Amino acid sequence: FRSQAAVRLGRKPVLMEVCGTHTVAVSRSGLRGLLQDALELKSGPGCPVCVTSQADIDRLIAIARLPGVTIATFGDMVRVPGSASSLEVERAAGADVRIIYSPLEAVNLAREHPEREVVLAGVGFETTAPAVALAIKEAASQGIGNFSVLSLHKTMPPVLRTLLQDKELVLDGLILPGHVCTIAGRLPFDFIATDYGIPAAVTGFEPLDILAALEVLLRQAISGQPAVANVYRRLVAEDGNARARAVLAEYFTPVEVMWRGLGSIPASGLQIAAPYRHFDAAHRFPVTPLTGSGFPGCRCGELLAGKISPPRCPLFARQCTPNHPVGPCMVSSEGACAAYYHYEHRAEVGNKPDGR
Ligand code: SF4
């Protein structure tokens, strides 16, 4: 397949694993290295922490500085550098920043601490947003007024459309995120083949799932008949999960938002819907973020747009490591830089500044 695809394309096929979980799976399993002579596997914009814009991180930090506010967040966000600070730095300076493992924990925090305003940092794609919506529902049903969400949620189809409109980007196929499609379904991704003529495959996160998707993509590249295949039928239905989609539609409204590296994308963010505005931290805490110089030299933006791989960043594994991350792609457990560092950087282990 691989050589036939290369003959038909006149070069090595270039496929993108869109989502951060796939990036980690591809790196950890060694598939990228094993297949590198036959095809190029590049990472995409599917790490939710990584694509959160600098302005949004700065806004979250500004809210954390308000008196009486407790920030509840998943662990990765704590270390993501903003322009001038991070939640970790703010916590060391006295801000109340709590790491949670489920959105309902934030609701419980608010109930147990009525004297505090608990703000949940809502970061994630279609997979995470329904649980946040249910947390809002729970807070409303319990009459908890000191709970709100800074919704930084994003959806996958609009960003893929933006990506595919980039004429400089060479792509012969997309590996689509199985967990997002479990909620959204396969159908919303049909435009990849019909509008852009690019093959795509929805798949899971085991190496065999990914290999099955690669086979489908290469077959399509050879046949010249692109389609959006579902090789994750054990979990993904054509129209996804109807109940989860209904929850999303009730609690969120699509809005244009900024993505790191990809700019402002129409209808790609999820704002809390008007009937639940009381739970919208952006509405309740209209802060002016402090801005600083950011992190010069970090190429996360180009990485998320599919333009470079982590080793092309001059800071990779030198100034930027998991223990001393410069950008979000090295902080997040789903970030491409962290995945490459942990699983694909063994040749230079002796040179790792943090000794890993
Ligand atoms: Fe940014 Fe670090 Fe990745 Fe370079 S290696 S792109 S500085 S996160």
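The values are calculated or read from the model by the stated rules, or taken from the named source; none is laboratory data. Everything quoted here is computed from the prediction, not taken from an experiment. Here the Cβ is made from the backbone with ideal geometry for all residues, glycine too, and neighbour counts use every protein chain on show. Quick note on the areas: whole protein, heavy atoms, side chains included, nothing else; ligands and nucleic acids left out. Shrake-Rupley method; radii C 1.70, N 1.55, O 1.52, S 1.80 Å.
So the values come out like this:
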quantity: Cross-chain or 6+ apart pairs with Cβ under 6 Å, the stretch 16-40 first and open to solvent by 30 Å² or more (accessible area, probe 1.4 Å), then in a helix (DSSP H, G or I); calculated: R28/Y343; S29/P207
quantity: The stretch 215-242, residues that are touching a Gly at 6+ places or on another chain (Cβ under 9 Å), within 21 Å of A6 (Cα to Cα), modelled with pLDDT of 95 or more and open to solvent by less than 30 Å² (accessible area, probe 1.4 Å); calculated: L217
quantity: Pair list, Cβ < 8 Å and 6+ apart or interchain, from the stretch 250-278 residues that are farther than 24 Å from Q54 by Cβ to residues that are open to solvent by 30 Å² or more (accessible area, probe 1.4 Å) and part of a loop (DSSP other than H, G, I, E, B); calculated: H278/G145
quantity: Sole exception among (1) crowded, with 16+ Cβ neighbours inside 10 Å; (2) in contact with a helix residue (DSSP H, G or I) (Cβ under 9 Å, 6 or more places away or on another chain) for P158, by number; calculated: (2)
quantity: Candidates A212, A140, filtered to the one that is among the hydrophobic types (A, V, I, L, M, F, W, C), in contact with a Ser or Thr (Cβ under 8 Å, 6 or more places away or on another chain), surrounded by fewer than 22 Cβ atoms within 10 Å (Cβ to Cβ) and at pLDDT 95 or above; calculated: A212
quantity: Residue check for R111: touching a strand residue (DSSP E or B) at 6+ places or on another chain (Cβ under 6 Å), outside any loop (DSSP other than H, G, I, E, B) and open to solvent by 40 Å² or more (accessible area, probe 1.4 Å); calculated: no
quantity: Per-region count, the stretch 72-89, residues in contact (Cβ under 8 Å) with a residue 24 or more places away in the chain, surrounded by fewer than 17 Cβ atoms within 10 Å (Cβ to Cβ) and within 15 Å of M330 (Cβ to Cβ); calculated: 1
quantity: Selection count, the stretch 317-342, where residues are more than 10 Å from the ligand (Cβ to nearest atom) and open to solvent by 70 Å² or more (accessible area, probe 1.4 Å); calculated: 2
quantity: So P314, is it open to solvent by less than 40 Å² (accessible area, probe 1.4 Å) and within 8 Å of the ligand (Cβ to nearest atom); calculated: no
quantity: Set D209, D190: member being among the charged types (D, E, K, R), more than 13 Å from P177 (Cα to Cα) and within 22 Å of the chain's Cα centre (by Cα); calculated: D190
quantity: Matching residues, the stretch 95-108, being under 19 Å from the mean Cα position of the chain (by Cα) and either assigned to a loop (DSSP other than H, G, I, E, B) or crowded, with 19+ Cβ neighbours inside 10 Å (or both); calculated: I100, Y101, S102, P103
quantity: Residues that are surrounded by fewer than 18 Cβ atoms within 10 Å (Cβ to Cβ) and not hydroxyl-bearing (S, T, Y), drawn from the stretch 259-270; calculated: G263, P266, A267
quantity: Failed item, numbered, when S309 is tested on (1) within 16 Å of the ligand (Cβ to nearest atom); (2) under 20 Å from the mean Cα position of the chain (by Cα); (3) open to solvent by less than 30 Å² (accessible area, probe 1.4 Å); calculated: (3)
quantity: Filter result for A92 (surrounded by fewer than 23 Cβ atoms within 10 Å (Cβ to Cβ) and in contact with a Ser or Thr (Cβ under 9 Å, 6 or more places away or on another chain)); calculated: no
